[in-house]
Amino acid sequence: MQKGTNVRIPAAAVRVELGWRTGSGIPDVDASALLLSAGKVRSDADFVFYNQAVHSSGAVRHEGKRPAGDSVTDALSVNLAAVEPSIETVVLAASADGGTFGQVPGLHIRVLDAASGAELARFDSSDATVETAYVLGELYRRQGEWKFRAVGQGYSSGLEGLATDFGITVDEPQQAAPAAPAPAPAQERPRTPARRRCRRRPPRRPRPSPYA
């Protein structure tokens with residue numbers, strides 16, 4: 001598929017695989033999904049990722065990574081028949097840990113029929129540069145059926161920029177007050193990343209639908 005194109009998804013449930021080639025110096029990649037109503041999440045519960053692996057409806061699940069030779073896939077399962085009626089779009093995204101998507105070779109997304117394993121759609125991303133978060137595609141409702149659209153939109157501001165765009169505010173942990181100056185500078189200890197907390201942003205006016 002080309003960026004911006006769409007295809008009908010006839011299956012009741014799908015497996016979504018994010019894939020890339022791995023190796024020395026290549027960032028790790030994590031798949032995620034955002035369930036949108038009128039273009040925004042309803043709460044942070046609509047964000048499915050490795051730390052929140054199952055949506056409350058049970059319709060979207062983060063299945064985890066599977067290595068195969070020099071490649072890795074990170075998968076999501078989406079039961080389209082069980083997606084709540086108020087959810088119009090399931091955004092399929094990824095974040096890069098330790099680098100940018102310009103350093104990730106072979107980045108692609110596949111949508112498979114969960115029952116038969118048949119490939120229903122595939123989009124290969126080839127123009128990523130400095131982005132650290134990326135929307136590869138989305139599943140959306142149109143006239144009573146589901147479609148997949150190839151997106152290919154990146155965020156140099158990382159997962160925070162992506163989440164903010166869809167109505168989530170990511171709160172960074174407060175830094176501890178600096179210690180009093182010492183006669184000689186002490187060696188700084190590495191910071192341990194804290195788990196981010198998401199909360200709902202105030203709703204904004206929905207953007208016009210770009211879908212066909």
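No lab work stands behind these numbers, since they all come straight from the coordinates. Here the structure is a predicted model, which is why all the values come from computation and not from measurement. Here Cβ is always computed from backbone atoms with ideal geometry, including for glycine, and neighbour counts include all displayed protein chains.
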Place the peptides 144-152, 19-27 in order of packing, highest mean first, counting for every residue the other Cβ atoms within 10 Å and averaging per peptide.
144-152, 19-27
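Quick check: net charge around GLY102, other residues with Cβ under 10 Å of its Cβ, Lys/Arg +1 and Asp/Glu -1? List each step's numbers first, then the result.
Values: positive: none; negative: ASP127, GLU131.
So the environment of GLY102 carries a net charge of -2.
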Paramagnetic label zone (point 7 Å from Cα along Cα-to-C-beta, ALA118; backbone N under 16 Å) in the range 1-43
7-15
5 angstrom amide H check on ALA121, placed H, neighbours 5+ away:
VAL111
I'd like the Karplus ³J(HN,Hα) series for the range 58-65: coefficients 6.51, -1.76, 1.60, θ = phi - 60°, whole numbers in Hz, and an x wherever there's a Gly or Pro.
x, 6, 10, 9, 8, 8, x, 9
Which whole-Hz ³J(HN,Hα) couplings does the range 68-76 yield from phi under the Karplus relation 6.51 cos²θ - 1.76 cosθ + 1.60, θ = phi - 60°, glycine and proline marked x?
8, x, 9, 10, 9, 10, 10, 10, 10
Point-to-point label distance, SER126-ARG141, nm (Cα→Cβ direction, 7 Å offset)
3.6
